[in-house]
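A.B. asks: This is the structure I have questions about; it appears just below.
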There are 4 protein chains.
Amino acid sequence: MSLIHEMIRTYPDDLGAVDREALAECIAACTECAEACTACADACLAEPGVAELRRCIGLNLDCADICVATAAILGRHTEADLEARRMILEVCQAICRKCAEECEQHASMHEHCRVCAEACRRCEAACAALLETL
Amino acid sequence: MSLIHEMIRTYPDDLGAVDREALAECIAACTECAEACTACADACLAEPGVAELRRCIGLNLDCADICVATAAILGRHTEADLEARRMILEVCQAICRKCAEECEQHASMHEHCRVCAEACRRCEAACAALLETL
Amino acid sequence: MSLIHEMIRTYPDDLGAVDREALAECIAACTECAEACTACADACLAEPGVAELRRCIGLNLDCADICVATAAILGRHTEADLEARRMILEVCQAICRKCAEECEQHASMHEHCRVCAEACRRCEAACAALLETL
Amino acid sequence: MSLIHEMIRTYPDDLGAVDREALAECIAACTECAEACTACADACLAEPGVAELRRCIGLNLDCADICVATAAILGRHTEADLEARRMILEVCQAICRKCAEECEQHASMHEHCRVCAEACRRCEAACAALLETL
């Protein structure tokens, strides 16, 4: 069992009707996407053609910020506001899609963009899947 | 001139049609709101009646996370994605309103909730004002 | 291969003499520790005896903040400052130890503290292991 | 009175012997330094000579991460661990100095680096001043 699953399992109060599997998947996907975006921004910065990667770096940094915030918010359940969770999930899904679309344009040139795009797509899908259960 | 104004002024590229005053106000309001929410969650935790303040603490922590992310995103202009900015501003505005509504219920009992509610209302208004210009 | 390993592998420039295995382990451990601490603070807040868990919540929140910052910093390699990395790793190691010591005192009562203490100890060890290679 | 002063004033428990003025100054300086560093990294990215500013961008991002974490930690007082605060303040002081030294090398060329270096120096001094009182 992953650490995220264990923390959800040991939560002392009622989690309500939330789908624990979708929740754990989404927290894991947000965390991985944040790591990928932080590393991709840095890898783009190291490229000789950094000047062509400005939009990619900017979206990477935005996406990392949103994913870190989303993971933290989803990790809290005590009297959690469902509407707020829905809104942040929709934003996270949208920014991950934007970042994926940008990274995909450089994926054939830059391996780090290819890997990062995949992490963004997984996070986009995990947000969508969790949203369907809320 | 505030530091935020100075950083906007010294940005080397074209900022486009963005309203610099509304942008600076919003970054400042997000930052102050994050500080107020972090401190209010901690002050609630120190109250003898902490058990009645669980929802307030949870919303404070969510609001702080969103405001920190929003301030960082608004501080970046290079090939910034306008649609992403609009979405994060709408979420920030909504979470600030929720957090303000909760803190206002405790404002007559707890000074820290009164001050925090004011910071959330200022941030809600600053997000709305910036959204109108985008 | 984990995502973190893939992002390290696809970094386009020279990583120097850094031990990639220790680096990947440490980033993963920081991320997991941040998740555990965020969730443990929230679980403590939901406990009937929240008033006795104030120090635990405070250390959880501090530890999560440090671990998120450390993971982000370790995810960047471009002209990275080695001395800065050593300093942040030492702080992260120390805060993880403090948080583990506190959570261990509640581990027999609260499963979430037991799981969180283990995540903190893994992160403490991962920081120490990476420090030895720098 | 600034918002930070108000939040410190309304804290419901005993703050002990902490110098409230030095504490408020340091939180404000960390917050401003994080904003300056976020904006300076982005401004460097927009420069035609971005390739020469890689180390500056990297230190800006590290410094912003540390300053955000430090401001959050200093905003919490409930059963706060003094030793942990000292350690994070020492790291914050050191990273601000490193970032200032780098930005100062570009200050005559780039106004954003000049303004950012000043914010880093203020934060370095505010951390040192608070450390002297702890």
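The values are calculated or read from the model by the stated rules, or taken from the named source; none is laboratory data. Not measured: the values here are computed from a predicted model. Cβ coordinates were reconstructed from backbone atoms using ideal geometry, including for glycine residues, and neighbour counts include every protein chain displayed. Accessible surface areas use protein heavy atoms only, side chains included; no ligands, DNA or RNA. Shrake-Rupley method; radii C 1.70, N 1.55, O 1.52, S 1.80 Å.
A.B. asks: For the protein assembly as shown, what % of the accessible area comes from carbon and sulfur atoms, probe 1.4 Å? Don't skip to the answer; put the middle values down first.
C.D. replies: Numbers: 9490 of 19240 Å².
Roughly 49 percent, rounded to a whole number.
A.B. asks: In sequence order, what are the phi-derived ³J(HN,Hα) couplings for segment B:28-38 according to the Karplus relation 6.51 cos²θ - 1.76 cosθ + 1.60 with θ = phi - 60°, rounded to whole Hz, with x for glycine and proline?
C.D. replies: These are the phi-based 3J(HN,Hα) values: 5, 5, 4, 5, 5, 5, 4, 4, 4, 5, 4 Hz.
A.B. asks: I've got another one for you. Any idea what the C:Q105 label distances to the other copies are, label 7 Å down the Cα→Cβ vector, nm, shortest first?
C.D. replies: Values, ascending and in nm: 3.2, 4.6, 5.5.
A.B. asks: Moving to a separate point now. Suppose all protein chains stay in the model; what accessible area per residue would a 1.4 Å probe give for chain C, in Å²?
C.D. replies: Values: 4810 Å² over 134 residues.
Per-residue value: 36 Å².
A.B. asks: Moving on. Over 29 Å apart: what share of the alpha carbon pairs of the protein assembly as shown falls there, rounded to a whole percent?
C.D. replies: Summing the P(r) of the protein assembly as shown above 29 Å gives 46 percent of all pairs.
A.B. asks: From the phi angles alone, apply the Karplus equation (6.51, -1.76, 1.60; θ = phi - 60°) to segment C:68-79 and give each ³J(HN,Hα) in whole Hz, x where the residue is Gly or Pro.
C.D. replies: Along segment C:68-79, the couplings run 4, 5, 5, 4, 5, 5, 5, x, 10, 10, 5, 6 Hz.
A.B. asks: Would you mind giving the total buried accessible surface between chains B and C, with a 1.4 Å probe and ligands, DNA and RNA left out, rounded to the nearest 100 Å²? Can you show the working numbers first?
C.D. replies: Values: alone 7540 and 7540 Å², together 14440 Å².
Between B and C, the summed buried area is about 600 Å².
A.B. asks: List the distances, in nm to one decimal, from the label point of D:P48 to the label points of the same position in every other copy, shortest first, placing each label point 7 Å from Cα along the Cα-to-Cβ direction.
C.D. replies: With the label placed 7 Å along Cα→Cβ, D:P48 yields 2.1, 6.9, 7.1 nm.
A.B. asks: Rounding to the nearest 20 debye, state how big the charge dipole of segment C:3-44 is about its Cα centre with +1 on each Lys and Arg Cβ and -1 on each Asp and Glu Cβ. Present the calculation step by step, with values, prior to reporting the outcome.
C.D. replies: Values: 2 positive and 9 negative charges, 4 e Å.
Once rounded to the nearest 20, the dipole reads 20 debye.
A.B. asks: When only alpha-carbon atoms count, how far does segment D:1-77 stretch along each of its three principal axes, as whole angstroms with the largest first?
C.D. replies: The principal-axis extents, from largest down, are 52, 20, 15 Å.
A.B. asks: Then there's this: Compute the helix-to-body angle for D:82-105: its Cα long axis versus the longest principal axis of chain D, expressed 0 to 90° and rounded to tens.
C.D. replies: Rounded to the nearest ten degrees, it is 20.
A.B. asks: In whole Hz, with x marking every Gly and Pro, tabulate ³J(HN,Hα) for segment C:49-66 from phi via Karplus 6.51 cos²θ - 1.76 cosθ + 1.60, θ = phi - 60°.
C.D. replies: Rounded to whole hertz, the list is x, 4, 4, 8, 10, 4, 5, 5, 4, x, 5, 4, 5, 4, 5, 4, 4, 5.
A.B. asks: Moving on. For segment D:61-134, build the charge dipole from Cβ charges (+1 Lys, Arg; -1 Asp, Glu) around the Cα centre, then report which of D:T78, D:C96, D:C67 sits farthest towards its positive end.
C.D. replies: Positive-most Cα among the choices belongs to D:T78.
A.B. asks: Charges at C-beta only: +1 for Lys and Arg, -1 for Asp and Glu. How large is the resulting dipole of the protein assembly as shown about its Cα centre, in Debye rounded to 20?
C.D. replies: 0 debye
A.B. asks: Please grab the % of Cα pairs in chain A that end up more than 23 Å from each other.
C.D. replies: Working: 2974 of 8911 pairs.
When all Cα pairs of chain A are counted, 33 percent exceed 23 Å.
A.B. asks: To the nearest whole number, what is the average tally of beta carbon atoms from other chains within 10 Å of the beta carbons of peptide C:94-101? Kindly include the intermediate steps, with their values, before the conclusion.
C.D. replies: On the way: counts 5, 6, 0, 0, 4, 2, 0, 0.
For peptide C:94-101, the averaged partner shielding equals 2.
A.B. asks: Taking the Cα atoms only, what angle lies between the long axis of helix D:111-133 and the longest principal axis of chain D, rounded to 10 degrees?
C.D. replies: Helix D:111-133 sits at roughly 30 degrees to that axis.
A.B. asks: Given the C-alpha centroids of segment A:71-130 and segment D:1-36, what is the distance between them in whole angstrom?
C.D. replies: 34 Å
A.B. asks: Let me ask something else about it. At a Cα cut-off below 29 Å, give the lysines reachable from C:K98, other chains included and same-chain residues fewer than 8 away excluded.
C.D. replies: Once the sequence-local lysines are set aside, what remains near C:K98 is D:K98.
A.B. asks: Along the Cα→Cβ direction, 7 angstrom out, place labels at D:A107 and D:L134. What is the inter-label distance in nm?
C.D. replies: 2.7 nm
A.B. asks: Specify the residue with the greatest mean-square fluctuation among C:A34, C:A71, C:A22, computed from a Gaussian network of chain C linking alpha-carbon atoms under 10 Å apart.
C.D. replies: The residue with the greatest mean-square fluctuation here is C:A22.
A.B. asks: With charges only on Cβ, +1 for K and R and -1 for D and E, what is the dipole size of segment D:19-134 about its Cα centre, in debye, rounded to 20?
C.D. replies: Details: 11 positive and 21 negative charges, 18 e Å.
Here segment D:19-134 has a charge dipole of around 80 debye.
A.B. asks: Still on this structure: Suppose you put the label 7 Å out from Cα in the Cβ direction; list, shortest first and in nm with one decimal, how far D:A17 is from each other copy's label.
C.D. replies: Label-point distances to the other copies, shortest first: 4.4, 5.7, 6.0 nm.
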